[in-house]
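**Q** Structure below; questions to follow.
The values are calculated or read from the model by the stated rules, or taken from the named source; none is laboratory data. Everything numeric in this text was worked out from a predicted model, so none of it was measured. Positions of Cβ are backbone-derived with ideal geometry, glycine not excepted, and every protein chain shown enters the neighbour counts. Remember, those area values only see protein heavy atoms, side chains included, never the ligands or the DNA or RNA. Shrake-Rupley method; radii C 1.70, N 1.55, O 1.52, S 1.80 Å.
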Amino acid sequence: MAAAASSFRPQFKVALCQLSVTADKARNIARARAAIESAAADGAKLVLLPEIWNGPYSNESFPEYAEDIEAGGDAAPSFSMMSDVARSLQITLVGGSISERSGNSLYNTCCVFGSDGKLKGKHRKVHLFDIDIPGKITFQESKTLTAGQDLTVVDTDVGRIGIGICYDIRFQELAMLYAARGAHLLCYPGAFNMTTGPLHWELLQRARAADNQLFVATCAPARDTSSSYVAWGHSTLVGPFGEVIATTEHDESTIIAEIDYSLIEQRRQFLPLRHQRRGDLYQLVDVQGSGSK
Ligand SMILES: O=C(O)CCC(=O)C(=O)O
């Protein structure tokens, strides 16, 4: 494994808070806070929230619910709550995603907070969800959102974490680069739908974990059949052998599960893929360099 984070817990409890999301932003923030507090009371040291958890997932809503993260304070109530709760509970928080306003642009952004409440990393979704499956689902995030330009690997109290958001999980190169940069865990807040969810959601998580021999955690909103975008749910934790460690259905719930990073080395010894790659036939190129945030 590449250089590890300076010092971190190799074994800890993670919580995946699959939240119900409504049009009431203040209610969504309060509910997320309560779920985080309850997860921490149950011993979680790392908590994940879903993709777009402070308002509806739609192009109409992204501008309305967007926050100016750099301004903070009243301009960013979801952001401020996450920072505050991470600090007061001394947990690492992968804050799902919210729409972020920066200048004239909007991003789908995941903020990662350390146990001191400070922002440790910010991932702007790099692959926008633009798909058209006639008669099933059409969505064009690029109508309102701008794609991020950076890979995001964050050193935390609970190891080195690579971040992707939803559609980002489909691009295996991103996961491979994170693994090459020494990530122990990949976190993907995501909201798959009723067409692609049943076929691809678990498959992609298990593939990313098995190919890269690391942990993968996902966190989705709960399903709301009355919303314009019906989420699949099924937040999941997968281990470095591609095994599902914990999962759930589509209702609001919090999964608490144990992560043990010693399994990564064990799996890599049993199945030494890293030493069996054919660099003479193919190579992974990290165009942004190997530094991690
Ligand atoms: O890839 C998919 O099927 C769903 C992706 C998605 O919903 C998203 O990126 O928000």
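**Q** Restrict the check to segment 42-53 and report whether at least one residue is touching a Ser or Thr at 6+ places or on another chain (Cβ under 7 Å), modelled with pLDDT of 95 or more and within 13 Å of Ser227 (Cβ to Cβ). Working first, answer last.
**A** Quick first cut of segment 42-53, residues touching a Ser or Thr at 6+ places or on another chain (Cβ under 7 Å) only: 45-46, 51-52.
Okay, now just the ones that are also modelled with pLDDT of 95 or more, so 45-46, 51-52.
Those still in the list that are within 13 Å of Ser227 (Cβ to Cβ) too: 52.
Yes, there is a match, as at least one residue in segment 42-53 is touching a Ser or Thr at 6+ places or on another chain (Cβ under 7 Å), modelled with pLDDT of 95 or more and within 13 Å of Ser227 (Cβ to Cβ).
**Q** Quick one: which helices (runs of 4 or more DSSP H) lie wholly within segment 167-270 and hold at least 1 residues that are open to solvent by less than 20 Å² (accessible area, probe 1.4 Å), within 24 Å of Tyr57 (Cβ to Cβ) and among the basic types (Lys, Arg)?
**A** 202-212
Rundown of residues vs (1) out of contact with any His (no Cβ under 8 Å at 6 or more places or on another chain); (2) under 18 Å from Ile165 (Cα atoms); (3) modelled with pLDDT of 95 or more, yes/no style:
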| site | (1), (2), (3) |
| --- | --- |
| Gln205 | yes, yes, yes |
| Cys219 | yes, yes, yes |
| Ala231 | no, yes, yes |
| Leu237 | yes, yes, yes |
| Pro240 | yes, no, yes |
| Thr248 | no, no, yes |
| Ser253 | yes, no, yes |
| Leu271 | yes, no, yes |
| Leu281 | yes, no, yes |
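**Q** If I ask for residues that are closer than 19 Å to Ser105 by Cβ and open to solvent by 40 Å² or more (accessible area, probe 1.4 Å), which ones from segment 145-166 would you list?
**A** Answer for segment 145-166, where residues must be closer than 19 Å to Ser105 by Cβ and open to solvent by 40 Å² or more (accessible area, probe 1.4 Å): Thr146, Gln149, Asp150.
**Q** Please determine whether any residue of segment 187-196 is within 16 Å of the chain's Cα centre (by Cα), among the aromatic types (Phe, Trp, Tyr) and within 11 Å of the ligand (Cβ to nearest atom).
**A** Taking segment 187-196 first, the residues within 16 Å of the chain's Cα centre (by Cα) are 187-192.
If we keep only those that are among the aromatic types (Phe, Trp, Tyr) too, we end up with 188, 192.
Subsequent filtering for residues that are within 11 Å of the ligand (Cβ to nearest atom) retains 188, 192.
Looking through segment 187-196, at least one residue is within 16 Å of the chain's Cα centre (by Cα), among the aromatic types (Phe, Trp, Tyr) and within 11 Å of the ligand (Cβ to nearest atom).
**Q** If you go through segment 272-283 one residue at a time, do you hit one that is more than 16 Å from the ligand (Cβ to nearest atom) and crowded, with 20+ Cβ neighbours inside 10 Å? Write out each step before concluding.
**A** Initial filter on segment 272-283 (more than 16 Å from the ligand (Cβ to nearest atom)): 272-283.
With the extra rule that they be crowded, with 20+ Cβ neighbours inside 10 Å, the set shrinks to none.
So far as segment 272-283 goes, no, none of its residues is more than 16 Å from the ligand (Cβ to nearest atom) and crowded, with 20+ Cβ neighbours inside 10 Å.
**Q** Would you confirm whether any residue within segment 101-114 is open to solvent by 10 Å² or more (accessible area, probe 1.4 Å) and free of Cβ contacts under 8 Å to residues at least 12 places away in the same chain?
**A** First pass over segment 101-114, keeping only residues open to solvent by 10 Å² or more (accessible area, probe 1.4 Å): 101-107.
This time we only want the ones that are free of Cβ contacts under 8 Å to residues at least 12 places away in the same chain, so: 103-104.
Scanning segment 101-114 turns up at least one residue that is open to solvent by 10 Å² or more (accessible area, probe 1.4 Å) and free of Cβ contacts under 8 Å to residues at least 12 places away in the same chain.
**Q** To continue, here is another question. With respect to the numbered conditions (1) out of contact with any strand residue (DSSP E or B) (no Cβ under 8 Å at 6 or more places or on another chain); (2) within 12 Å of the ligand (Cβ to nearest atom), which one is the sole condition not fulfilled by Glu249?
**A** (2)
**Q** If the Cβ limit is 7 Å and pairs must be 6+ apart or interchain, which residue in segment 52-63 that is closer than 17 Å to Pro77 by Cβ and away from the ligand (no atom under 13 Å from the Cβ) pairs with which residue that is assigned to a loop (DSSP other than H, G, I, E, B) and open to solvent by 30 Å² or more (accessible area, probe 1.4 Å)?
**A** Going by the 7 Å Cβ cut-off, the qualifying pairs are Gly55/Ala23; Pro63/Thr144.
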